[in-house]
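Before any comments, here is the structure.
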Amino acid sequence: QVQLVESGGGLVQPGGSLRLSCAVSRSFVSTYVMGWYRQAPGDERELVASIPSIGGPNYSDSVQGRFTISRDNARNTVYLQMNSLKPDDPAVYYCYVLGKVAWSSPSQTYWGQGTQVTVSS
């Protein structure tokens, strides 16, 4: 069974920073993409950032220049450094990984449980 455990959410003032972490419970034979979505109440889930196994990261326009995604393949962990947080950023942030747990398995997307980010003075 694959589990993604997120941490690092919380309350921060506007302009502040948070670093989210997402640890995957087991290794994959291939992780094609790791990334983060977010969902605010009443809104659809929005892709925030993603990072493929090969190639550079991608960001939504709303976070470009403020957020940085990175991954540590040895630790099966993906991070999201969030700087200059704005009142538009509060949401539940979900990490995901698209990959194979075995070469004989199909590619699947696995999700974390979500971590709340609140921006308030």
- Percent of beta bridges antiparallel (DSSP, the chain, rounded to nearest 5): 90
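Would you kindly give the portion of the calculated P(r) for the chain that falls above 22 Å, as a percent of all Cα pairs? Provide the component values of the computation, followed by the final result.
Values: 2192 of 7260 pairs.
Counting pairs separated by more than 22 Å, the tail of P(r) holds 30 percent.
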- Item | Calculated FRET efficiency for the pair residue 7/residue 64, C-beta based, R₀ 25 Å, to 0.05 | 0.55
- Note on the structure: The alpha-carbon center of the stretch 1-44 and that of the stretch 76-102 are separated, in whole Å, by 3
- Query: Can you give the accessible area per residue of the chain, in Å², using a 1.4 Å probe?
  - Reply: 53
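Considering only DSSP states other than H, G, I, E and B, which GluC sites (Glu not before Pro) in the stretch 1-103 qualify as loop sites with at most 10 other Cβ atoms within 10 Å?
The qualifying sites are 44.
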- Task: Using 0.36 nm per residue of separation minus the Cα-Cα distance, give me the extension gain between residue 43 and residue 30 in nm, one decimal.
- Result: 1.5 nm
- Query: Among residues other than residue 78 whose Cβ falls under 15 Å from its Cβ, what is the net charge (Lys/Arg +1, Asp/Glu -1)?
  - Reply: +3
- Task: Please give the net charge around residue 109, taking every other residue with its beta carbon less than 13 angstrom from that of residue 109, where Lys and Arg add +1 and Asp and Glu add -1.
- Result: +2
- Message: I'd like the Karplus ³J(HN,Hα) series for the stretch 71-83: coefficients 6.51, -1.76, 1.60, θ = phi - 60°, whole numbers in Hz, and an x wherever there's a Gly or Pro.
- Response: 9, 10, 5, 5, 9, 6, 9, 10, 10, 9, 8, 10, 10
- Task: Can you work out the PRE-style zone for residue 19? Point 7 Å along Cα to Cβ, and I want the residues of the stretch 40-68 with backbone N under 13 Å.
- Result: 68
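The values are calculated or read from the model by the stated rules, or taken from the named source; none is laboratory data. In this text, all values refer to a predicted model and were calculated from it rather than measured experimentally. Methodologically, a virtual Cβ is constructed for each residue, glycine included, from the backbone with ideal geometry; neighbour enumeration extends over all protein chains shown. The area values use the complete protein model at the heavy-atom level, side chains included, leaving out ligands, DNA and RNA. Shrake-Rupley method; radii C 1.70, N 1.55, O 1.52, S 1.80 Å.
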